[in-house]
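Inspection log for the structure reproduced underneath, given as structure tokens.
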């Protein structure tokens, strides 16, 4: 009974959604609403999956429910109804953006190592002094200067370079994680605006968004152009901070390398605060 009700609700929403309201061209349509194939493409599933779901013959995962809700841009009440019919709890409406004490202590413990914290939408929420010493901090000239995905796909990181393989892997990781967050938080308007802007302005982002790639782990090398000491090559590792739903990027040089020496020099000469909460005045 529940699956039939869920299928009927998905079909009702699809048939009553204005195509133009979700970015589709109305065109010449024999049926009202959004075509099954269109919904499937927007949600990242097959048309057969949608058909079986509407017929009450397929139980969707929570991710698929979120993807359908996101694709049709349903309101909070309709989203909660879809989740209830599928047997899932609705996701929290907003991506958590606060760094708690545990996350901030992580920055303190890596005093000589560049580290920054981001929320699940890749908004930087806090950095340590070693990161700022690299001279790669955001400029605040644009509203999204502290969003890693936006800066990467808009080529705003002029002071950071990667070889082709590392650049491709880094971009794929950004999109993969952002795609997962997008499905978990379908009511977050800031996240929706970010994704819409990136898909509109960056062809490479849109291509990756349509077919995100999964990664078991993450390690990536980047070269930072420091005006005082020259290039510093650092290896980045991505760590999850589950309690705050944050992620930390930790950058380290090869032990005993010239890069390690140059990093030590710029960090040692830094006179800034040990920790900075982004968007707030003064140190954290």
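The values are calculated or read from the model by the stated rules, or taken from the named source; none is laboratory data. Here the structure is a predicted model, which is why all the values come from computation and not from measurement. Quick reminder, even Gly has a Cβ in these numbers, built from the backbone with ideal geometry, and neighbours come from all protein chains shown.
Some points to look at:
- Selection from the range 260-272 of residues that are buried (at least 19 other Cβ atoms within 10 Å of the Cβ) and out of contact with any helix residue (DSSP H, G or I) (no Cβ under 7 Å at 6 or more places or on another chain): 262, 263
- Test set (1) in contact (Cβ under 8 Å) with a residue 60 or more places away in the chain; (2) part of a helix (DSSP H, G or I) - residue 186 fails condition number: (2)
- If you go through the range 237-259 and keep only what is without any contact (Cβ under 8 Å) to a residue 60 or more places away in the chain and buried (at least 16 other Cβ atoms within 10 Å of the Cβ), you end up with 253, 259.
- Meets criteria (under 23 Å from the mean Cα position of the chain (by Cα), closer than 24 Å to residue 200 by Cβ, assigned to a loop (DSSP other than H, G, I, E, B) and not assigned by TED's automatic domain parsing to the domain that holds residue 189) for residue 34: no
- Any hit, the range 74-81, residues being free of Cβ contacts under 8 Å to residues at least 40 places away in the same chain and closer than 30 Å to residue 254 by Cβ: no
- Filtered residues of the range 225-271 (kept if assigned to a helix (DSSP H, G or I) and at pLDDT below 90): 242, 243, 244
- Condition check for residue 175: touching a residue at least 60 places away in the same chain (Cβ under 8 Å), buried (at least 22 other Cβ atoms within 10 Å of the Cβ) and in the same structural domain as residue 238 (by TED's automatic domain parsing): no
- The number of residues in the range 143-190 being at pLDDT 85 or above, out of contact with any strand residue (DSSP E or B) (no Cβ under 7 Å at 6 or more places or on another chain) and under 21 Å from residue 117 (Cβ atoms) comes to 14.
- Take the conditions (1) part of a strand (DSSP E or B); (2) farther than 23 Å from residue 158 by Cβ; residue 209 misses just one of them, which is (1).
- Residue in the range 158-171 that is surrounded by 14 or more Cβ atoms within 10 Å (Cβ to Cβ), in contact (Cβ under 8 Å) with a residue 60 or more places away in the chain and assigned to a loop (DSSP other than H, G, I, E, B) present: yes
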